Each structure stands twice: as structure tokens, then as C-alpha cells.
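The values are calculated or read from the model by the stated rules, or taken from the named source; none is laboratory data. None of these values were measured; they are calculated from a predicted model. Ideal geometry is used to build each Cβ from the backbone, glycine not excepted, and the neighbour counts take in all protein chains shown. These area figures cover heavy atoms from the full protein model, side chains too; ligands, DNA and RNA do not enter into them. Shrake-Rupley method; radii C 1.70, N 1.55, O 1.52, S 1.80 Å.
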Amino acid sequence: VPRRADPTAVRRANLGVVLGHIAASGPISRARVASDTGLNKSTVSSLVAELAGLRLVREDVDRRVASIGRPATPVMVTGTTVAVGLEVGVDGLTVCLEDLTGALRYAVRKDCDLRDSEPYSTLRQLATLAGDALSYARAHGLRVVGLGVGLPGIVDASRGQLLRAPNLGWQEVDVARELGRLLPLGTLSIAVENEANLAALAELWVGGAQGLKGFIHVTGEVGVGSGIVIDGQLFRGSRGYAGELGHVAVRQDGAACACGSRGCLETVVGIEAIRERAGMPPRPGTGQLAIAIELAQQAAAGDPCTVAALEEAAEALGIALSSAINLIDLEVVFLGGFLTPLAPWLARPVREALARRVLSSAWSTFDVKVSALGAHAAARGAAAVILRVILERPWLVEEMALTDGGGPPRRRQPSATPSGTP
Ligand SMILES: [Zn+2]
């Protein structure tokens, strides 16, 4: 029996192509969408009308341009569809709202020391922050389509579960289910992902890695994590646990690590390790970013202990990153989180270590860049994971959106699968 074309599937796929193109290019005429995508003009017009009906695009009347015949009014993505991005960091909780245009609409960070914290009371605090963001969205006429959560540990994204976060002291916590119980989420889906993976995705989608094929995003967040992008897709490994750069061994008999092993990169490059080597007394209750800024000031003032601690950190980072690049051939290293203020002391020696240690270095270049996304990177990535689902499958928007007219919750399980991942 010959296979028949499925017109609904074709139309849906094209709906995603058109929305994705409008999102990527900014205000654009229907004729240009047609010529760029290869779809014919009347198909594009009808798809744009459907996207407008879903309130995902609108005409940009300010930019109407004269053309032959009727004036062409460009279309653009609306900023009214948002996702909630949440992050549980070891030193604080972050919540944000990001809209479909990639703009940050709301961001709140609460500093608190969550080392060895109780998971369920922490998730209650997170739910309170998320509830405030949902209220803000409702008050500002924003349509919420989902909620993403970044966690500092290994995560089973398909089940919305945190398996282990050594620095929090958490093990096997059903994060998606617990948040679903605490929040009036209705039809909203929850995506749970490792925070370093989310920071890498944020860098890819809205940061300095747009258009890059292969890079590693190293996030300093008390510990050290990384997200790896290969061929423009997040590399999650066979079971989703890839990117644990912080637990790559750089010392055969080094210091004990929170994970139970010894000599991990984190024992040299973690914020507490650098602080201690720099001779700075402990700063209980001070966030890692504030400590890093203080260390940067000490190094800038020429304090020899701090400079030596940063040299040691750079050397260890160079060893771990050159091993990663020898294995998987990446073009750019991004330094994010608390590594950002320390980058003036880290970037050059890491670049030199890569030139020295990577076999292909004579024929390839490696750039070491500083992430521009700052402290909200993982939370923004968490929101973006949800928004990417809408960009690829726009017809889901009404089904996914929060219906705030009361009624019994009819939340779907399991969580949304992060897009852009195999
Ligand atoms: Zn470790």
C-alpha cells in the first residue's frame, strides 16, 4: 500500500518552520519568509494568519514599508508568551520569565546557603518564588506556557527527577512532581534539567554562542559544571549525565571531593578551593559570585597568594579542557558563573594550555570567551527549553498555556522533553 502524505503533519511542520524563521530574523515580510523558506506566498500568508490566531505573531505596523502594489507589513513574534525559568543553585534560588522573543521580562534571585539543605522545604521556597512570577505574568497579561527548572546535579530529565546533587546533599528528589503538587499549574508542563546544560543552551540560543557548532560552557556555581554542544545540539551522553567536567580528575591523589572521589577539577577550581588557597577567610552567607569579585579585586591589587591560586586553577582547567577537546573537538570554551569575574586571570593561561596540549592545535584555533549571560544563565535556559517547544510545535501553545479560569487541574505528566536534544 503506498504511503499517503499527511496534510496535517505537513502543515504543522511548516507552521514551525515559519514561526522559527520569524523568531530568528526579527520583523520580516511574508514575501521574504516565502523566499527564504521555499514555501509559496499564499501558504505563508495562511500560516502567518494561523500563528496570529494563536497570538504568537503580529503585524509590525510601525515598520510598514512601501512596495509595489499593497504596502507590505512585516510580521514579528509577540512578546506575550512566556515561560518560567527556575534555578536551584547551591547558594541561592533564581526565578525569571522569558518571552518568545528571547527578552527577560522578570527576574528575582534569593541568596541563601543551600549546602546540605532539606530538599522539600527548599522546593517550597522555590514554589513561592515561582508563584510570585505566575502572579506577575497574570497581572501583566502574559501567557505562561510552562516551567523549566535547573538543578546542580545529575538529572533524569525524562522523569523530572534529580538523581544526585553532591553540593546540595540531595539524592533522588522528584522535583517535577513536588512542584506540580505545590503550584496551581493546570496544564503547564515542567522540564527539569542540569543547570550547566541549561546555561550552555542559553548561551546557544540567546547568548554569545549563537551559530556555533561545537563548544563547552563551563559554569562556576560553588562546584564546576559544564554543558557541551556538538553540531548545534546539547550533548547529553548515553543516559543524559554528560558534562560533569567538575569531576574530571586533575590530581592523582588530590583533595577529597563532595562526590566521594579525590582530585576532581572542582577541588582546585571550585570557589571554596580558590578562596582557601588565596588565603581568604571563609565567608559564610556570601554568594560565590561576590567571593569571586572580591578575589578578582585581590588579584588586581597584585596579592601573590590570590594570583598563585588563580594560576593553579587555570592550569587545572587547562588540563581538563584540553582532555575534553582532544576527545570531542570543540571550537570555543565559555567561562560562566563565578568564573566570569576571574576570567582576566584564567582565559589566557587556559588558551595557552589548549595550544600546548591539544594535538590538533597547529591546525585549529580555540577561543576562550566569557559568558555575557551572568547569574541568570541557567534560569533563562530553563525558560528557553519550554519556549523552544512552542517555536518548533506552535500548535501546542493553547494546550500548554496556563488556564487561569479556575477549575480542576489537568496537568500532564511526564514533563516536556527539552527540545534540541536527541
Ligand atoms: Zn568530584
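222 nm [θ] for the chain, helices only, -39500 (n - 2.57) per DSSP H run of 4+, per residue, to 500?
That calculation yields -12500 deg cm²/dmol at 222 nm.
Please find, in a Gaussian network model of the chain (springs between Cα atoms separated by less than 10 Å), the residue of ALA130, ALA300, ALA157 whose mean-square fluctuation is greatest.
ALA300
Work out how far the C-alpha atoms of the stretch 243-388 reach from end to end along every principal axis, then list the three figures in whole Å, largest first.
Over the stretch 243-388, Cα extents along the principal axes are 43, 41, 34 Å.
Just report the Cα centroid separation between the stretch 71-92 and the stretch 172-197, whole Å.
Computed from Cα coordinates, the inter-centre distance equals 19 Å.
Using a 1.4 angstrom probe on the protein heavy atoms only, line up TRP170, TRP363 by accessible area, largest first.
Values: TRP170 5, TRP363 215 Å².
Largest accessible area first, the list is TRP363, TRP170.
Just need the Rg to Rh number for the stretch 254-323, please, alpha carbons only, Kirkwood Rh.
Values: Rg = 12.3 Å, Rh = 12.5 Å.
Reported Rg/Rh (Cα atoms, Kirkwood Rh): 0.98.
May I ask for the angle, rounded to the nearest 10°, between helix 288-300 and the longest principal axis of the chain, with both axes built from Cα atoms and the value confined to 0 to 90°?
Computed tilt is about 60 degrees.
Which order do peptides 14-20, 377-383 fall in by mean Cβ count within 10 Å, highest first?
Most protected by this proxy first, the peptides run 377-383, 14-20.
Please compute one quarter of the surface area of the Cα convex hull for the stretch 1-93 and express it in square nanometres.
Its average projected convex-hull area is 10.3 nm².
So what is the accessible area of the chain per residue, in Å², with the probe set to 1.4 Å? Kindly include the intermediate steps, with their values, before the conclusion.
Values: 18600 Å² over 422 residues.
On a per-residue basis, the chain sits at 44 Å².
Per residue of the stretch 183-195, in order, report the coupling 6.51 cos²θ - 1.76 cosθ + 1.60 (Karplus, θ = phi - 60°) as ³J(HN,Hα) in whole Hz, putting x for Gly and Pro.
After applying 6.51 cos²θ - 1.76 cosθ + 1.60, I find 10, x, 8, x, 8, 4, 9, 10, 10, 10, 8, 4, 5 Hz.
Per residue of the stretch 375-385, in order, report the coupling 6.51 cos²θ - 1.76 cosθ + 1.60 (Karplus, θ = phi - 60°) as ³J(HN,Hα) in whole Hz, putting x for Gly and Pro.
5, 8, 3, 5, 5, 5, x, 5, 5, 5, 4
Could you work out the pair-distance distribution P(r) of the stretch 49-204 from its alpha-carbon pairs, with 5 angstrom bin width and percents rounded to whole numbers?
2, 8, 17, 19, 17, 12, 8, 6, 4, 3, 2, 1, 1, 0
Return the equivalent ellipsoid semi-axes of the stretch 132-191 as a descending list in whole Å, where each equals the square root of 5 times an eigenvalue of the C-alpha gyration tensor.
26, 12, 10
Using only Cα atoms, what is the ratio of the radius of gyration of the stretch 117-237 to 2.2 N^0.38 Å?
Dividing the Cα radius of gyration by 2.2 N^0.38 Å gives 1.13.
Give me the Å³ per residue figure for the convex hull around the C-alpha atoms of the stretch 321-367.
Roughly 66 Å³ of hull volume per residue.
Of all accessible surface on the stretch 129-257 at a 1.4 Å probe, what whole percent is carbon and sulfur? Mind showing how you got there, number by number?
Values: 2040 of 4490 Å².
The value for the stretch 129-257 is 45 percent carbon and sulfur by accessible area.
Given the stretch 50-140, what whole percent of its Cα pairs are spread farther than 14 Å?
71 percent
Give me a comma-separated list of calculated 3J(HN,Hα) values for the stretch 323-335, in order, Karplus coefficients 6.51, -1.76, 1.60 applied at θ = phi - 60°, integers in Hz, x for any Gly or Pro.
Calculated HN-Hα couplings, in order: 5, 4, 6, 4, 6, 10, 6, 10, 9, 9, 10, 9, 9 Hz.
With every protein chain kept in the model, how would you rank LEU327, LEU168 by accessible area, 1.4 Å probe, largest at the top?
The residues order as LEU327, LEU168, largest area first.
With r defined as the distance between the Cβ atoms of VAL108 and ALA362 and R0 fixed at 45 Å, what FRET efficiency is calculated, to the nearest 0.05?
My answer for the efficiency is 0.40.
Provide Rg and Dmax in Å for the chain, with only Cα atoms included in the calculation.
Using the Cα atoms of the chain, the pair Rg, Dmax is 22.9, 78 Å.
Per the Kirkwood treatment, what hydrodynamic radius in Å, one decimal, follows for the stretch 284-347 from the mean inverse distance over all distinct Cα pairs?
When all Cα pairs of the stretch 284-347 are included, the Kirkwood radius is 12.8 Å.
Find the relative contact order for the chain and round it to a whole percent, using C-alpha pairs within less than 8 Å whose residues are 6+ positions apart. Could you put the intermediate results ahead of the total?
Values: 887 pairs, mean separation 82.0, N = 422.
After rounding, I find 19 percent.
Give me the one-decimal Kirkwood hydrodynamic radius in Å for the stretch 171-323, with the sum taken over alpha-carbon pairs.
Computed over Cα pairs of the stretch 171-323, the Kirkwood hydrodynamic radius comes out at 17.4 Å.
If you line up the long axis of helix 339-357 against the longest principal axis of the chain, both from Cα atoms, how many degrees apart are they, to the nearest 10?
The two axes meet at around 80 degrees.
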